[in-house]
Amino acid sequence: MLAADPGASIASIAAEAGVDRRTVYRRFASREDLLAAIYAARLTAIEQAIEDARLREAPVAVALHRYVENIIAVNRTWPVDLTRMLADDSVHARRDAGIAEVDMFLRRATDEGLLRPDLPSGWTSALLPQLMHLVSRQLPELSPGQAADVVVDTLLNGLGTP
């Protein structure tokens, strides 16, 4: 509900969940506390997705597909935008750490010849999340693995070495 309507009320969220709004307020003192819990869960899921992809150890092509598949699953499970929470220093630091890990992996992918080295700095890093977001929303009928196939194929054929 919050992905579709960031202004959704606690009462409407509770109704959608099939509980009384008092039940929600027993767990979360305010709407902001509920949002913070949602964003924290999304961040934790992203961190787990990065860890599970083994971006430093796995072969680059395997790690790329695993990362994309994992993030697509996160995007579908937690379809909320983190930008509203970036004023929180701890959220910002956790998000930046994940971005740094993926950027290091993309440099590795370029160094190992999977991605073209002649692209503007940061281009792949900016494009990959957009592709994952797009496939998460536009192709919901595909499993995360199938959706990852589309993203990786698009990325490599558009940015990969010939």
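The values are calculated or read from the model by the stated rules, or taken from the named source; none is laboratory data. No experiment lies behind these values; they were computed from the predicted model shown. Cβ placement follows ideal geometry from the backbone for every residue including glycine, while neighbour counts extend to all protein chains displayed. Only protein heavy atoms, including side chains, enter the accessible area calculation; ligands, DNA and RNA are left aside. Shrake-Rupley method; radii C 1.70, N 1.55, O 1.52, S 1.80 Å.
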message: Within the range 40-50, does at least one residue satisfy the condition of being small (Gly, Ala, Ser), touching a Leu at 6+ places or on another chain (Cβ under 6 Å) and open to solvent by less than 80 Å² (accessible area, probe 1.4 Å)?
response: no
query: If you take the residues in the range 142-157 that are free of Cβ contacts under 8 Å to residues at least 12 places away in the same chain and over 16 Å from the mean Cα position of the chain (by Cα), which one is farthest from Thr77 (Cα to Cα)?
result: Asn157
statement: Restricting the range 48-63 to residues that are out of contact with any helix residue (DSSP H, G or I) (no Cβ under 6 Å at 6 or more places or on another chain) and in contact (Cβ under 8 Å) with a residue 40 or more places away in the chain, the one farthest from Asp149 (Cα to Cα) turns out to be Arg56
field: Pick from the range 128-145, criterion assigned to a helix (DSSP H, G or I) and open to solvent by 90 Å² or more (accessible area, probe 1.4 Å), ranking: farthest from Glu101 (Cα to Cα)
entry: Gln138
query: So which of Ala58, Ala29, Ala37 is of a type in the set (A, V, I, L, M) and either part of a helix (DSSP H, G or I) or in contact with a His (Cβ under 6 Å, 6 or more places away or on another chain) (or both)?
result: Ala37
message: Pull out all pairs, ordered by first then second residue, where Cβ-Cβ is under 6 Å, the residues are six or more apart or on different chains, the first lies in the range 115-141 and is without any contact (Cβ under 8 Å) to a residue 12 or more places away in the chain, and the second is assigned to a helix (DSSP H, G or I) and small (Gly, Ala, Ser).
response: Leu139/Ala147
- request: Could you check, for the range 78-89, whether at least one of its residues is in a helix (DSSP H, G or I), basic (Lys, Arg) and closer than 27 Å to Ile10 by Cβ?
  value: yes
- prompt: Restricting the first residue to the range 92-103 and requiring it to be of a type in the set (Asp, Glu), which pairs with a second residue that is outside any helix (DSSP H, G or I) meet a Cβ separation below 9 Å and a spacing of at least six or different chains?
  reply: Glu101/Leu55; Glu101/Arg56; Asp103/Gly122
field: Pick from the range 2-27, criterion of a type in the set (A, V, I, L, M, F, W, C) and free of Cβ contacts under 8 Å to residues at least 12 places away in the same chain, ranking: surrounded by the fewest Cβ atoms within 10 Å (Cβ to Cβ)
entry: Ala4
message: For the range 101-127, which positions are open to solvent by 50 Å² or more (accessible area, probe 1.4 Å) and small (Gly, Ala, Ser)?
response: Ser121, Ala126
